[in-house]
Amino acid sequence: MLASSRNLTIFVLMLLLYAASMLIFLRFNRGLAPTSRRQQGRRYLIASLLSGITLALTDFYVWSPQVVAALVVCVAWMLTWNITNDLTYRRSSPDYDNHIDIAFALYLFGFLVGLNSLIGLFSETAAAIVCGAVESVLLLIPIMEVGYYLIYKVCIDTSGMQPLLETNENEILEFIHSFSLPKVLGMVVPLLAAVILCFALNFAPPVVSTTLIGDGVRCIDPFTGFALLFKDFFVLGLVIFFGFYLFKPHHGLFVRTGIAQLYLDVRTYQRSNANYRHEVTSRLNHLQVEAPAKGLPKPHTVLLVIGESACRDYMSCYAPQPFETTPWETNKAQNDSRFVFFSHAYSCAMQTVPSLSRALTEKNLYNDIDFNDAVSIVDIAHKTGYRVSWYSNQGHIGSNDTPVTLIAETADVAKWTKQEVGKPYYDESLLEFLDEVNPNVNNLVVLHLMGSHFNYQNRYTPEYAAARELKDGDNVQNYRNSLHYTDYILRRAYRYAKEKLHLEAMVYFSDHGAIPEKRRLPWFLGFGMVRIPMWIYLSDEYRQVFPETTAALEANKDKYFTNDLAYDLLCGLLNIKSDHYDPSQSLASTTYRFTRDMLLTDEGRVRVEDDR
């Protein structure tokens with residue numbers, strides 16, 4: 001009877017934890033797709049069941065202080081990042097998904113309870129010390145996150161983490177001295193209280209469900225002894241699984257939680273930034289670039305627009321669609337000979353980082369140049385006399401774009417929309433930056449769009465969809481709507497640059513594609529993930545000054561191309577000569593050498609010729 005009552009209590013507890021996890025996920029995250037809700041529902045259910053089984057196999061009752069300590073840590077991790085992130089970004093961001101923190105918390109509960117039980121088989125004191133220390137550290141992290149939010153009224157982000165990692169002891173003391181004594185106590189007391197609470201709960205006498213003798217060893221007969229031994233080994237297996245799943249390097253749940261991912265991103269960024277910046281100075285000192293003898297008249301602008309997740313299979317300018325998804329581009333493809341549309345462009349990778357780290361530098365799948373050693377298109381533009389302005393809607397530092405950020409920050413001007421609190425993340429906000437571009441100098445302007453990044457319905461404004469009678473629907477419908485919005489952004493950027501910045505050339509290509517009817521996974525799902533749009537606009541003046549380049553681009557428009565060769569294309573478009581530019585890799589050259597059977601995608605794992 002007691003065992004049944006205990007198991008029922010555990011079942012109710014885990015049911016409540018599962019319900020709480022779903023409520024937190026749905027309430028404190030935005031822009032969730034139905035598939036995401038279902039996926040996390042399954043994830044949290046499995047985590048709750050496994051943690052509940054672990055608790056049931058131990059000797060602890062639900063109200064044992066050791067279980068309460070683990071539960072406190074679990075709830076703190078479930079709530080903190082989700083709530084502070086939501087409070088910070090709810091008014092400015094259309095979508096964010098912080099589901100990993102909740103999963104981490106649920107599995108962590110089972111891990112802590114099981115670990116305490118296993119160590120307690122040998123020594124309850126050792127169990128109290130180890131688990132008290134582990135839980136103290138784990139609890140201090142969300143407490144400090146809450147403290148940061150209370151001080152700055154925003155959740156900790158890159159602008160907070162970066163100086164925190166660069167702070168020395170004197171700066172910490174100065175920071176503390178800048179607060180009054182009550183505020184200092186308000187920061188220190190919760191931290192001390194958390195440590196005391198964790199150790200106090202773990203050193204409290206455990207409430208257990210087995211008969212104990214004086215020295216803490218379970219009193220057992222041969223039959224029950226075998227059963228208990230089996231239970232202990234089962235708990236050991238679960239603890240090992242939890243530990244590996246939670247703390248596995250690179251892919252464990254812990255390193256994917258919000259705060260850990262932020263820390264790792266900033267650390268990686270700092271190390272890469274130091275190396276890359278050092279190499280930039282060295283490269284520019286040795287880089288030899290010869291500009292064309294007869295160049296374009298000054299001042300003028302070359303505009304590069306980098307799309308996100310755009311697949312030409314869903315674009316009307318490339319293939320028939322149920323409705324017109326690219327009205328402006330379709331018109332230009334059919335009626336404006338100054339535009340050259342390339343029919344066989346592919347991305348070299350399925351994610352932004354490996355794609356653009358190659359597309360924007362001389363590093364590609366056909367050489368072994370290291371990223372830190374590779375000359376970028378920004379370097380070439382600087383050597384050719386261009387002022388480079390880089391405007392991005394992709395975020396400043398993150399796991400999906402750090403190398404791109406490193407390249408961008410070598411520009412004369414580099415700005416990100418997400419750095420402006422309260423500014424919407426729609427690509428239209430990028431166009432406001434164009435007012436900052438000086439029309440009296442030669443400019444290379446880069447616009448990095450959010451484009452058709454999932455979740456698709458959050459890539460265009462409701463007002464835009466209503467005005468053009470674009471109906472929200474399934475992922476495919478919303479994906480086409482996002483392409484329609486990107487078409488609108490391209491049209492406005494083109495018109496502004498043409499009217500106010502002396503536009504001579506404009507290039508558009510996407511980092512990679514997408515298959516909207518399939519859930520995105522980290523492996524190759526089909527060529528829709530890498531079939532990208534690419535087109536180039538050349539002004540009448542450009543065509544007169546560089547007739548050979550123009551002719552080469554038009555002659556090569558049906559040739560096969562991967563966007564890791566975009567660097568060479570842009571070099572050819574600028575008509576430069578350099579030992580860091582190979583014309584045979586450029587569609588802007590009559591010597592372009594690549595054919596369908598030579599090209600690779602998916603970071604070299606898939607051949608383009610296999611696209612049937």
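The values are calculated or read from the model by the stated rules, or taken from the named source; none is laboratory data. This one's a predicted model, so the numbers in the text were calculated from it and none came from an experiment. Note that we place each Cβ from the backbone using ideal geometry, even for glycine, and neighbour counts take in every protein chain shown. The accessibility values were calculated without ligands, DNA or RNA, using every heavy atom of the protein model including side chains. Shrake-Rupley method; radii C 1.70, N 1.55, O 1.52, S 1.80 Å.
Points worth noting:
- With contributions of -39500 (n - 2.57) from each DSSP H run of at least four residues, the per-residue ellipticity at 222 nm computed over the chain stands at -17000 deg cm²/dmol.
- Coil-residue trypsin sites (Lys or Arg not before Pro) of the stretch 41-122, DSSP, other Cβ within 10 Å capped at 15: ARG90, ARG91
- Calculated FRET efficiency for the pair LYS471/LEU15, C-beta based, R₀ 45 Å, to 0.05: 0.70
- In this view, the solvent-accessible surface of ILE196, computed with a 1.4 Å probe and all protein chains in place, comes to about 110 Å².
- ALA310 long-range amide H proximity, modeled H, under 5 Å: SER452, ASP511, HIS512
- Close amide H pairs (under 5 Å, H built 1.01 Å from N) link TRP390 with VAL413, ALA414, LYS415, VAL446, residues at least 5 positions away or on another chain.
- Sequence ranges 364-372, 298-306, ranked by mean other-Cβ count within 10 angstrom, highest first: 298-306, 364-372
- Sparse-neighbourhood loop sites, chymotrypsin sites (Phe, Trp or Tyr not before Pro) in the stretch 102-143 - DSSP loop, at most 13 other Cβ within 10 angstrom: PHE122
- For LYS363, a cut-off of 19 angstrom between C-alpha atoms picks up these aspartates and glutamates, skipping any fewer than 8 places away in its own chain: GLU279, ASP373, ASP379, ASP401, GLU409, ASP511, ASP564, ASP568, ASP579, ASP582, ASP602, GLU603.
- Cα pair distances in the chain, grouped into 10 Å bins until the bin that holds the longest one, percent each: 3, 15, 23, 21, 16, 12, 7, 3, 1, 0
- Per residue, the solvent-accessible area of the stretch 271-319 (1.4 Å probe, heavy atoms of protein chains only, all protein chains present) comes to 47 Å².
- Rounded Å value of the spacing that divides the Cα centres of the stretch 71-136 and the stretch 581-609: 49 Å
- Alpha carbon centroid spacing (whole Å) that separates the stretch 182-196 from the stretch 501-576: 57 Å
- In terms of distances greater than 18 angstrom between alpha carbons, the cross-link table entries LYS298/LYS498; LYS518/LYS559; LYS332/LYS471; LYS294/LYS332; LYS153/LYS183 yield LYS518/LYS559; LYS332/LYS471; LYS294/LYS332.
- Placing R0 at 25 angstrom, the Cβ-Cβ distance between LEU164 and HIS278 gives a FRET efficiency of 0.60 after rounding to 0.05.
- Axis of helix 99-120 versus longest Cα principal axis of the chain: the two differ by about 30°, to the nearest ten degrees.
- Percent of alpha-carbon pairs separated by more than 15 Å within the stretch 443-501: 51 percent
- Label-point separation in nm, ASN440 to THR591, each point 7 Å along Cα→Cβ: 4.0 nm
- Within the stretch 418-521, chymotrypsin sites (Phe, Trp or Tyr not before Pro) in DSSP loop having at most 16 other beta-carbon neighbours inside 10 Å: none
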